[in-house]
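Here the structure comes first, spelled out in structure tokens, and everything after it is commentary.
The values are calculated or read from the model by the stated rules, or taken from the named source; none is laboratory data. Because the structure is predicted, anything quoted here is derived from the model rather than measured. Here the Cβ positions follow ideal geometry from the backbone for every residue, glycine too, while neighbour counts run over all protein chains shown.
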Amino acid sequence: MEIKPYDTRASKKAEVEQMFDNIAGNYDLLNRVLSLGIDTIWRKKAINTIANKNPQYLLDLATGTADFAIEANKQLNIEHVTGIDISHEMLEVGREKLRKKSLDHKIELIKGDSENLQLEDNSFDVATVAFGVRNFENLDTGLKEIHRVLNKGGQLVILEFTKPTAFPFKQLFNAYFKYLLPLIGRFKSKDSNAYQYLYESVQAFPDYDRFIGHLQDAGFSKCSYKALSLGICAIYQAYK
Ligand SMILES: C[S@@+](CC[C@H](N)C(=O)[O-])C[C@H]1O[C@@H](n2cnc3c(N)ncnc32)[C@H](O)[C@@H]1O
């Protein structure tokens, strides 16, 4: 069954775009508060796994408000970062942030679909996606597109939620993730469905070895993963 934010006849892609447009205004704040700030540590760790510390061109897909792109630019000596997202409102929040940090000459944000990239083959040294692939309408199409635009030998780094398995953390985390988070989200976010969708989409998403299988099917090699924070999320790495 396809997990979508709303119960409408629109496609998952259209609903996801709508949802992120709705929550863009307080996305960053809710991220920090609801993850107790740990999301910034996950981002740092994920960017730290990029082997090429001097990439010319880095592509950040599902860039949202550009936090992952900003962290990549901070840690690496990059010539140019391209961030792509389907949500206009998320990009607008990101653009404002880049202007304030005087990074708008270095990091370019473009509205676009990761599953149909208007980009040349073999044109990026590194591709990154943080908490994005789970939202793709067609995961395999998206991964194949990333493979197409990466240079030969280029690295893909993905940060995505997984499902904790160890007792009693699994039970405690699930209570928070399934019940408390949607409740807080309902009051604090402008979209009562967003945090319900977050929980459901994580439950339905292939994690660890199953996700590695999707990466391999898309043509990637040397695929690996590292679980973070008792299995709340994982960093996946793969090469073209
Ligand atoms: C949870 S946010 C993550 C944003 C950012 N990467 C971060 O770490 O904060 C997921 C983002 O994926 C974007 N997205 C979902 N499907 C997409 C697609 N097919 N192409 C581009 N962006 C997409 C959404 O609009 C949203 O901004």
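Output the helices (runs of 4 or more DSSP H) that fall wholly within region 136-222 and possess 3 or more residues being buried (at least 16 other Cβ atoms within 10 Å of the Cβ), or say none. Spell out how you get there, then give the answer.
Numbers: elements: 139-149, 169-175, 181-188, 194-204, 209-217.
Result: 139-149, 181-188, 194-204, 209-217.
Test Arg134 against the stated conditions and say whether it is on the phi < 0 side of the Ramachandran plot, in contact with a helix residue (DSSP H, G or I) (Cβ under 6 Å, 6 or more places away or on another chain), of a type in the set (D, E, K, R) and modelled with pLDDT of 95 or more.
Yes: the conditions hold for Arg134.
If a residue has to be within 26 Å of Ile50 (Cβ to Cβ) and of a type in the set (D, E, K, R) to count, how many in region 149-208 make the cut?
Count: 4.
Would you point out which residue out of Leu76, Leu34, Leu61, Leu98 is within 13 Å of the ligand (Cβ to nearest atom) and more than 14 Å from the chain's Cα centre (by Cα)?
Only one candidate passes the filter, namely Leu34.
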